[in-house]
Amino acid sequence: MAAEEVLQGADHYKSEIERLTRELSETTHEKIQAAEYGLVVLEEKLTLKQQYDELEAEYDGLKQELEQLKEVNVLCYRLGLVTRRV
């Protein structure tokens, strides 16, 4: 009877170890997926930041060009080269 109880106990522990091993494997897989997703999000963030920086630089350049054109327009108006100020 004692030997039978020992075998049942051993089977119980073996089943418990198998269950815990499966759970650990699933959890590890989920963590890897989350990490991969995080990397994709970071890459997308970097790409968007680069696009934003490029657009901001283009905006600043166009803004400066507009100011220069306004100055030229004022000078042309003062010199009588144009009849209307913009």
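Each reported figure results from applying straightforward, stated rules to the coordinates on display, with no laboratory input. Keep in mind it's a predicted model, so treat the numbers as computed, not measured. No Cβ is skipped: glycine too gets one built from the backbone with ideal geometry, and neighbour counts run over all protein chains shown.
Report Rg(Cα)/(2.2 N^0.38 Å) for the chain, keeping two decimals.
Dividing the Cα radius of gyration by 2.2 N^0.38 Å gives 2.99.
Quickly work out the residue 8-to-residue 78 label distance, labels modelled 7 Å from Cα along the C-beta direction, and quote it in nm with one decimal.
Reported label-point gap for residue 78 and residue 8 is 10.5 nm.
Which lysines have a Cα less than 30 Å from the Cα of residue 63, not counting those fewer than 8 places away in the same chain?
Here the lysines satisfying the reach criterion relative to residue 63 are 45, 49.
Using the Karplus curve 6.51 cos²θ - 1.76 cosθ + 1.60 with θ = phi - 60°, work out ³J(HN,Hα) for each residue of region 70-84 in order, rounded to whole Hz, and write x for Gly and Pro.
5, 5, 4, 4, 5, 4, 5, 5, 5, 7, x, 7, 10, 9, 9
Over the chain, with a Gaussian network built from C-alpha contacts below 10 Å, which listed residue (44, 54, 16) shows the highest mean-square fluctuation?
Largest GNM mean-square fluctuation: 16.
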